[in-house]
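Notes to accompany the following structure.
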Amino acid sequence: MILPILFISDSGKKGKGVFTAQNIPAHTTIEISPVIVLTIKERAIIEQTKLYNYIFEWGNNNKKGALAMGYISMYNHSYLANCKYEMDFENETMQIITVRNIKAGEELFINYNAVYNNTNEVWFDVV
């Protein structure tokens, strides 16, 4: 499920990102998508490709990987994100939930540190 008001568009130096065409209230689930779970061995292989930047750590020990379907791998990073993501290991899905009110035209961000307001440095240069 992806709300039909979401769309992919140019995000400047960040490449492409996810945006909204309408206002969205805080605490709204805007996407629930399946993931493809990668074994530890498969994750190691994927991490040597361009897909490295699009996978998530997965599982209770974060050793596996997951490639999210839908728009989830297209959300850009912000240390003060306006959305959070939640993982459902049992059903192999991820969901995106707004953490504050979002205005029409605004880009939607998640924090790659897994907590929407975590300011620990990420592994890449932030643009």
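The values are calculated or read from the model by the stated rules, or taken from the named source; none is laboratory data. Owing to the predicted nature of the structure, the values given are computational and were not obtained by experimental measurement. Counting neighbours? That spans all protein chains shown, and the Cβs are built from the backbone with ideal geometry, glycine included.
Observations on the structure shown:
- Yes/no for K14 being farther than 20 Å from N113 by Cα and either charged (D, E, K, R) or touching a strand residue (DSSP E or B) at 6+ places or on another chain (Cβ under 9 Å) (or both): no
- With respect to the conditions (1) in contact with a strand residue (DSSP E or B) (Cβ under 8 Å, 6 or more places away or on another chain); (2) part of a loop (DSSP other than H, G, I, E, B); (3) modelled with pLDDT of 90 or more, R100 falls short on a single one, namely (1).
- Taken over the range 81-101, the criterion of being farther than 17 Å from L3 by Cα, in contact with a Phe, Trp or Tyr (Cβ under 8 Å, 6 or more places away or on another chain) and of a type outside the set (F, W, Y) is satisfied by A81, M87.
- Of the residues examined, G12 is one that is more than 25 Å from E90 (Cβ to Cβ), small (G, A, S) and exposed (fewer than 13 other Cβ atoms within 10 Å of the Cβ).
- Candidates in the range 57-73 are the residues that are within 9 Å of the chain's Cα centre (by Cα) and modelled with pLDDT of 95 or more; of these, the one that is surrounded by the fewest Cβ atoms within 10 Å (Cβ to Cβ) is Y71.
- Boolean, L80 is surrounded by fewer than 18 Cβ atoms within 10 Å (Cβ to Cβ), among the hydrophobic types (A, V, I, L, M, F, W, C) and in a loop (DSSP other than H, G, I, E, B): yes
- Sole residue being over 24 Å from M1 (Cβ atoms), in contact with a helix residue (DSSP H, G or I) (Cβ under 6 Å, 6 or more places away or on another chain) and either modelled with pLDDT of 95 or more or among the β-branched types (V, I, T) (or both), chosen from V18, V127: V127
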